[in-house]
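Comments concern the structure below.
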C-alpha cells in the first residue's frame, strides 16, 4: 500500500483543453474539480498556449472550492468572473499561484509554438476535493487571435481514507 | 499518512493595510493558533496598485514578533528600516530572494501578476506569522498587498493524522543573536 511501488502505477495523465479560439478575451483553461472524497497527488503539471509564433507567459493557480465551482472551460470567447481584471486578466477573486510567478521578463514560463512550460515548483503537490487548477495568460501580454490554453496533468487519485506515502 | 489529512487544506487570503507613499505595502497572515501548527502548501501575493518591486516572504518567529497579527497600521514596528523596509525583526526568509533583476520575484507596475512566495512546503509553529513585503529598493505607494495561501492546520500534540514525522513531540529551537 503506502510504501509499495505499485502505488505509482496508478499514475494517470490527462489533458484539459480550454476553448481554442479566444480572440477578444485572454485565453485560459481549467481542470476538472477533484471529486468529493478524493485527493489528487500531482506529480506533473504543464501547459502551453496554442497560437504559433506568439510568445506568451502562462501562470498556474490552485483554485479553492466555491470559486472553482464557477470556473469552467467555455465553449465561446467569453470572460469568467474569477478574473477581477478585464478580458480574463488577473488578479483572481481567489487562488494561490503554484507556478513560478513574477514579471513579464519571466523566460521560464514563456510558451512559444505550443512549447510547454512547467506549472509547479514543488512535487508532488496536493489538490483536495473540489479544488481545480487554472492556467491563463500573463496580465502584461496582449490577446492573441485564435488562442487557447492546454493543461497537462499527471496525478494519482486517492480516496480520503487511503494510506499514502508520507510525502509531508 | 492518511490522505484525509490533505483534505484539510484550506484557502486563506489576508489583505494588508492600505498603503501610501513612501510606505511600502505589506501583508501578514493571522497568528498560528496556540496548540496548532500549519503546513503551508502554497503561498503567493499580488498588489492592487503594483509598483515595480521585488516581493519576498518571511516567517516571523513568535517570541520576537512585536505586532499581534495583521495590524491595520501602515507603519509596522516589525520592520527595522524606514517605511516598512526590511530587515524584519527575528525572521527568516521562506521565498526566493533576489532583487529587481530577478523576474520571478518582481511585481511590474500596472500588472496584477502574482509572485510565488514558497520554495517548498513549510511547517510553522504556534504564534508565528507569514509576512509578504517589498524589497529594500522597492518604493512605497498606494494600494493593498494581498497574501494568498493554501494551508493545513493540525493539532500540535495528539492527532498526527498518520504523518510519520509528527508522531513524536515536535521541538522548536530559536537561536538568539544580535537583531
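The values are calculated or read from the model by the stated rules, or taken from the named source; none is laboratory data. In this text, all values refer to a predicted model and were calculated from it rather than measured experimentally. Every residue, glycine as well, gets a Cβ built from its backbone with ideal geometry; the counts of neighbours run over all protein chains shown.
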Starting from the range B:100-120, take each residue that is facing another protein chain (nearest Cβ under 7 Å) and closer than 12 Å to residue B:146 by Cα and list its partners that are surrounded by 23 or more Cβ atoms within 10 Å (Cβ to Cβ) and at pLDDT below 85, counting only C-beta distances under 6 angstrom and pairs at least six apart or across chains.
B:115/A:102; B:115/B:105
In the range B:52-79, residues that are in contact with a strand residue (DSSP E or B) (Cβ under 7 Å, 6 or more places away or on another chain), modelled with pLDDT under 75 and in a loop (DSSP other than H, G, I, E, B) total 6
Given (1) more than 14 Å from chain B (Cβ to nearest Cβ); (2) at pLDDT below 95, where does residue A:101 come up short, assuming only one miss?
(1)
Could you tell me which numbered condition residue A:130 fails, if it satisfies all but one of (1) facing chain B (nearest Cβ under 8 Å); (2) assigned to a loop (DSSP other than H, G, I, E, B)?
(1)
Lone unmet requirement of (1) in a loop (DSSP other than H, G, I, E, B); (2) closer than 25 Å to residue A:62 by Cβ; (3) touching a helix residue (DSSP H, G or I) at 6+ places or on another chain (Cβ under 9 Å); (4) modelled with pLDDT of 80 or more for residue B:160:
(4)
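Taking the stated definitions as given, is residue A:107 modelled with pLDDT under 90 and farther than 23 Å from residue A:42 by Cα?
On the way: modelled with pLDDT under 90: yes; farther than 23 Å from residue A:42 by Cα: yes.
It is true that residue A:107 is modelled with pLDDT under 90 and farther than 23 Å from residue A:42 by Cα.
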Could you please find all residues in the range A:24-51 being within 14 Å of another protein chain (Cβ to nearest Cβ), in a loop (DSSP other than H, G, I, E, B) and more than 20 Å from residue A:113 (Cα to Cα)?
A:33, A:34, A:35, A:36, A:37
Determine, yes or no, whether residue A:44 is under 26 Å from residue A:160 (Cβ atoms) and surrounded by 14 or more Cβ atoms within 10 Å (Cβ to Cβ).
yes
Quickly run through the range B:2-36 and pick out the residues that are closer than 15 Å to residue B:155 by Cα and in contact with a helix residue (DSSP H, G or I) (Cβ under 9 Å, 6 or more places away or on another chain).
B:31, B:32
Given the structure, is residue B:149 at the interface with chain A (Cβ under 9 Å from one of its Cβ atoms), part of a strand (DSSP E or B), modelled with pLDDT of 80 or more and under 25 Å from residue B:13 (Cα atoms)?
yes
Where residue A:136 falls short, out of the listed (1) at pLDDT 95 or above; (2) within 11 Å of chain B (Cβ to nearest Cβ); (3) touching a strand residue (DSSP E or B) at 6+ places or on another chain (Cβ under 7 Å); (4) surrounded by fewer than 24 Cβ atoms within 10 Å (Cβ to Cβ)
(4)
Single unsatisfied condition, residue A:77 versus (1) surrounded by fewer than 23 Cβ atoms within 10 Å (Cβ to Cβ); (2) over 29 Å from residue B:102 (Cβ atoms); (3) in contact with a helix residue (DSSP H, G or I) (Cβ under 9 Å, 6 or more places away or on another chain); (4) touching a residue at least 40 places away in the same chain (Cβ under 8 Å)
(3)
Name the single residue, out of those in the range B:1-35 being within 12 Å of chain A (Cβ to nearest Cβ) and assigned to a loop (DSSP other than H, G, I, E, B), that is surrounded by the fewest Cβ atoms within 10 Å (Cβ to Cβ).
B:1
Whichever residue in the range A:104-127 is within 13 Å of the chain's Cα centre (by Cα), away from chain B (no Cβ under 11 Å) and assigned to a strand (DSSP E or B) and, among such residues, is farthest from residue A:50 (Cα to Cα)
A:118
Enumerate the pairs (first residue in the range A:1-23 and within 14 Å of chain B (Cβ to nearest Cβ) and over 21 Å from residue A:54 (Cβ atoms); second residue anywhere and in a strand (DSSP E or B) and modelled with pLDDT of 95 or more) with beta-carbon separation below 6 Å, excluding pairs fewer than 6 apart on the same chain, so at least 6 apart or on different chains.
A:10/A:156
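Going by the conditions given, is residue A:85 within 7 Å of chain B (Cβ to nearest Cβ), touching a residue at least 40 places away in the same chain (Cβ under 8 Å) and within 23 Å of residue B:11 (Cβ to Cβ)?
Details: within 7 Å of chain B (Cβ to nearest Cβ): yes; touching a residue at least 40 places away in the same chain (Cβ under 8 Å): yes; within 23 Å of residue B:11 (Cβ to Cβ): yes.
For residue A:85, the condition - within 7 Å of chain B (Cβ to nearest Cβ), touching a residue at least 40 places away in the same chain (Cβ under 8 Å) and within 23 Å of residue B:11 (Cβ to Cβ) - is met.
Here are A:94, A:54, A:62, A:145: which of them is part of a strand (DSSP E or B) and either touching a strand residue (DSSP E or B) at 6+ places or on another chain (Cβ under 9 Å) or within 7 Å of chain B (Cβ to nearest Cβ) (or both)? Before you say what the answer is, go through the steps one by one.
Values: A:94 fails: part of a strand (DSSP E or B); A:54 fails: part of a strand (DSSP E or B); A:145 fails: part of a strand (DSSP E or B).
Matching residue, one of A:94, A:54, A:62, A:145: A:62.
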